[in-house]
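One structure below.
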Amino acid sequence: MSMTPEQAAWFRDTFVRLVDNVDQALMGKREVVGLVLSAMLAEGHVLLEDAPGTGKTSLAKALAASVQGTSNRIQFTPDLLPSDVTGVTIYDQQNHKFEFHRGPVFASIVLADEINRASPKTQSALLEVMEESRVTVDGVAHEVGRPFLVIATQNPIEQAGTYKLPEAQLDRFMVKTSIGYPSLAVAERILAGAVDRNPSASLRPVITTKAVADMADLAATVHIDPAVARFSAQLVEATRADEGARLGVSVRGSISMMRIAKVYAAAQGRHYVVPDDIKALAVPVWAHRLVLDAEAEFSGVTAERIVQNALGAVEAPLARATA
């Protein structure tokens, strides 16, 4: 059953209220907040590539507070072990049995801070839970629940002592974006309220975690016309055919676009996806999945440019409001 126009209007209003609430803690970044919230409702994950002190922790805390959820921050360091992330089974001598002690990954919003500073073995501890929303320890699966969002960060400037994320792991992030520095006007507002060290603590929840799961299920019913799906597939093929790309967008990337495009459309109050939704999401959803040819990269070709070239080469179909 497809989403109705009335349900789309309710979805848009709730989405705007959530963005407004988070914006109280992360001022002037409504577009980024909307993108991260869209990824959460599409049940994907986000990679933030940003300099320190731009509000990444505030974003995670504010989002968790807005949906009446929990948030945990994991500081990734070279000595961090996989069990420090997922949890560990410990023998209880009093009860004479093994008990599982949950790690910090068991939260609604998990901030994996500077993920590229941990070893590849520890980085891979997130792979299963990001894909399947569960952790397997000693052969026993433990569900993390819904909603579940991993916001991983990495510093684009200081690369000494870091481990580059492999392409397979990058592909598991639905969106890659950055918060960036605030404008002058917003910076003045932030400094005026600088005495509040934890603005997220005063935020009131907009909806419950159960309602977030319901919104995710509702967004999945948004209609995608076959012509729009074909347009998306043609864009993916164009990235693969580009001379500057050694690997184009993956199948997982194609599926991720369909999932988040449905949320993006519903957030605009529509019960159907239009080509402009695909265009708006193309760079944050696809660019980080591309593997560039070494010579092309040396010549200055970027993943963003390849995606933009695809958008310019493929003709978009006429939008049809069906469902």
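Set side by side, the residues Thr77, Thr89 differ, and just one is in contact with a helix residue (DSSP H, G or I) (Cβ under 7 Å, 6 or more places away or on another chain), among the polar types (S, T, N, Q), open to solvent by 20 Å² or more (accessible area, probe 1.4 Å) and more than 24 Å from Leu218 (Cβ to Cβ), which is Thr77. When the residues of segment 26-40 are narrowed to those that are open to solvent by 20 Å² or more (accessible area, probe 1.4 Å) and out of contact with any strand residue (DSSP E or B) (no Cβ under 7 Å at 6 or more places or on another chain), which ends up farthest from Ser202 (Cα to Cα)? This residue is Glu31. Might you check whether a residue that is open to solvent by 50 Å² or more (accessible area, probe 1.4 Å) and out of contact with any strand residue (DSSP E or B) (no Cβ under 8 Å at 6 or more places or on another chain) occurs anywhere in segment 96-115? Yes; the residues of segment 96-115 include at least one that is open to solvent by 50 Å² or more (accessible area, probe 1.4 Å) and out of contact with any strand residue (DSSP E or B) (no Cβ under 8 Å at 6 or more places or on another chain). Return the residue satisfying two criteria in turn: it lies in segment 304-317 and is assigned to a helix (DSSP H, G or I) and free of Cβ contacts under 8 Å to residues at least 40 places away in the same chain, and of such residues it is least open to solvent (accessible area, probe 1.4 Å). For segment 304-317, the residue satisfying everything is Gly312. The set of residues from segment 171-202 being among the aliphatic types (A, V, I, L, M), out of contact with any Ser or Thr (no Cβ under 6 Å at 6 or more places or on another chain) and either crowded, with 16+ Cβ neighbours inside 10 Å or part of a helix (DSSP H, G or I) (or both) comprises Val175, Leu184, Ala185, Val186, Ala187, Ile190, Leu191, Ala192, Ala201. For segment 41-59, a residue qualifies if it is modelled with pLDDT of 90 or more and open to solvent by less than 20 Å² (accessible area, probe 1.4 Å), and the qualifying residues are Leu41, Ala42, Gly44, His45, Val46, Leu47, Leu48, Leu59. Here Asp84 meets each of (1) surrounded by 12 or more Cβ atoms within 10 Å (Cβ to Cβ); (2) part of a loop (DSSP other than H, G, I, E, B); (3) over 18 Å from the mean Cα position of the chain (by Cα) with one exception, condition (2). In contact (Cβ under 8 Å) with a residue 40 or more places away in the chain, more than 16 Å from Gln154 (Cβ to Cβ) and of a type in the set (A, V, I, L, M, F, W, C): is that true of Val110 in this structure? Criteria not met by Val110. Among the residues of segment 234-248, is any open to solvent by 60 Å² or more (accessible area, probe 1.4 Å), closer than 30 Å to Leu18 by Cα and outside any helix (DSSP H, G or I)? No, segment 234-248 contains no residue that is open to solvent by 60 Å² or more (accessible area, probe 1.4 Å), closer than 30 Å to Leu18 by Cα and outside any helix (DSSP H, G or I).
The values are calculated or read from the model by the stated rules, or taken from the named source; none is laboratory data. Remember, predicted model here, so these are calculated numbers, not experimental data. Heads up, the Cβs are rebuilt from the backbone with ideal geometry, glycines too, and the neighbour counts pull from every protein chain shown. Heavy atoms of the whole protein, side chains included, go into the accessibility calculation; ligands, DNA and RNA do not. Shrake-Rupley method; radii C 1.70, N 1.55, O 1.52, S 1.80 Å.
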